[in-house]
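The values are calculated or read from the model by the stated rules, or taken from the named source; none is laboratory data. Note that the coordinates shown come from a computational prediction; the quantities given were computed from them, not determined experimentally. Note that we place each Cβ from the backbone using ideal geometry, even for glycine, and neighbour counts take in every protein chain shown. Just the protein is used for accessible areas: all its heavy atoms, side chains included, with ligands, DNA and RNA removed. Shrake-Rupley method; radii C 1.70, N 1.55, O 1.52, S 1.80 Å.
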Amino acid sequence: MLLFAMGFLLVILQPSSGQFPRACANTQSLLRKECCPPWDGDGSPCGELSRRGSCQNILLSQAPLGPQFPFSGVDDREDWPSIFYNRTCKCEGNFMGFNCGECKFGFSGPNCTERQLRTRRNIFQLTTGEKDKFLAYLNLAKNTPSQDYVIATGTYTQMNNGSNPMFRNINVYDLFVWMHYYASRDTLLGGSSVWRDIDFAHEAPGFLPWHRVFLLMWEREIQKITGDENFTIPYWDWRDAEDCVVCTDEYMGGRHPTNPNLLSPASFFSSWQVICTRSEEYNSQQALCNATSEGPILRNPGNNDKSRTPRLPSSAEVEFCLSLTQYESGSMDKMANYSFRNTLEGFADPRTAISNISQSGLHNALHIYMNGSMSQVQGSANDPIFVLHHAFVDSIFERWLRRHRPMLEVYPAANAPIGHNRENYMVPFIPLYRNGEFFKPSRELGYDYEYLQEPALDSFQEFLIPYLEQARQIWAWLVGAAVIGGIITAVLTGLILACRKKRRGTSSEIQPLLTESEDYNNISYQSNF
């Protein structure tokens, strides 16, 4: 109740905010196309006087894109964030943030030199106090304004190319709902036309890195508004679950007693209002979601279309997905076959890895199963189960990274759908993050998963695991090579022994003649081979 009261007071006393840095959401910054706010520590842009960073031109990737988006110059998200800003803070060392005022993920301290490793835990392993604190933090975020960001309520063209800024405030939780919407919304082409086959956070290689950054930023914002630097997002391990075990009033909200599509009034989540769920309305108006409340959270778990998603994912399906060696393949979209990313995302069959968009597996299965707000991509983050679900999806991504240990080059550098190449900046994050920067183990980013920690596994064993896995995959070739090598060795050994025997026989017969010959010193030795 104390945390709820704190959040309520903050809403009354302060304006709320969103995704663009508040310090850059003004006419001057937009017309100059520059977002290099001062760091409070020394008052200089990007903390340059303290050598934290400097204001620099943005370097955009020139790598070719895939064919999925056949337009150019019609969407503000193209070559993000150059439509709005072409100069931003470039931070040095372990500093990070839109003004270089924070530490990179995994570091802390006044100079960002202290390593940190936090652990994300199973929500059912939390004590009652820890679980209640997590729920209170969620409610606080829903009722607390973001101090650093605002959201755009119009396109750059609607802003008259920056001379008429269109931004508004938003609470911390809804900030992330809006970011998820903005990354996955349709392209507005004018009139009543839209282009739907575009998504900067799904259906392509960036799906897993994008949501990894999303959760890290969400975690960071909760830490800031609560002062709890050790806060981590819990996960829900949904493998083999027979129903939505987190859908109770004790956890994420039970079912309403008279309306199965609503949450129980005993859960404070029943009072939450959703935003950004009316995509067709925005499209018809050629407008962006402006974060206006659109009604309560909807959820009716298990009463979904069974022909599309008959049940929640199984452990066997997860294990098969983890066995896939290719991160990405083919067209690198939802039609990709034998792609770990596409199989985990749920567009490929989790038993064969063959694309089948008529079915929803693994990640997608959870969204469809919830049969409500979570089942519509753009507004799915409205349901707080979203963060539990994606934390577990991220843990599966982490398992794949640890098992296969891919080089950065495994992540596609070119020809991926728009926004998904390795060096593309992720939409709509400011500060800027490239897709490839988060294609690495979570421990390098400062967090781990409780069920992935293996204290009995020493570093030498850990080092051997990926090589043993590779050997397992090519064992037939190794056996064949060993057999051929054995045959060659046997033949060579036989020849050597035969030659040695021949040499010994010849030597005993000719030695007397050689020693008696006048020309002994003129004879040169020649090998029998």
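On inspection, F397 fails the criterion of being in contact (Cβ under 8 Å) with a residue 24 or more places away in the chain, open to solvent by 10 Å² or more (accessible area, probe 1.4 Å) and in a helix (DSSP H, G or I).
Residues that are polar (S, T, N, Q) and closer than 20 Å to F98 by Cβ within region 187-226 comprise just one, Q223.
Looking for whichever is free of Cβ contacts under 8 Å to residues at least 40 places away in the same chain, in contact with an Asp or Glu (Cβ under 6 Å, 6 or more places away or on another chain) and either open to solvent by less than 10 Å² (accessible area, probe 1.4 Å) or more than 23 Å from F439 (Cα to Cα) (or both) here; the options are S315, S339, S293. Which one fits? Sole residue among the options that is free of Cβ contacts under 8 Å to residues at least 40 places away in the same chain, in contact with an Asp or Glu (Cβ under 6 Å, 6 or more places away or on another chain) and either open to solvent by less than 10 Å² (accessible area, probe 1.4 Å) or more than 23 Å from F439 (Cα to Cα) (or both): S339. Here S192 clears all of (1) farther than 17 Å from G379 by Cα; (2) in contact (Cβ under 8 Å) with a residue 40 or more places away in the chain; (3) buried (at least 19 other Cβ atoms within 10 Å of the Cβ) except the condition numbered (3). The requirement of being open to solvent by less than 20 Å² (accessible area, probe 1.4 Å) and assigned to a helix (DSSP H, G or I) is satisfied by L388.
Quickly run through region 244-258 and pick out the residues that are over 12 Å from I385 (Cα atoms) and either touching a helix residue (DSSP H, G or I) at 6+ places or on another chain (Cβ under 7 Å) or polar (S, T, N, Q) (or both). The one that is over 12 Å from I385 (Cα atoms) and either touching a helix residue (DSSP H, G or I) at 6+ places or on another chain (Cβ under 7 Å) or polar (S, T, N, Q) (or both): T258. Region 14-122 holds strands (runs of 3 or more DSSP E) entirely within its bounds, and those carrying 3 or more residues that are surrounded by fewer than 18 Cβ atoms within 10 Å (Cβ to Cβ), more than 23 Å from the chain's Cα centre (by Cα) and not aromatic (F, W, Y) map to 53-57. Residues in region 260-298 that are under 25 Å from D132 (Cα atoms) and not in a loop (DSSP other than H, G, I, E, B): L263, F268, F269, S270, S271, Q273, P296. Scan region 151-172 for residues that are farther than 25 Å from G190 by Cα, of a type outside the set (S, T, N, Q) and touching a residue at least 60 places away in the same chain (Cβ under 8 Å) and the total you get is 1.
The set of residues from region 296-307 being open to solvent by 20 Å² or more (accessible area, probe 1.4 Å) and within 13 Å of Q376 (Cβ to Cβ) comprises just one member, L298.
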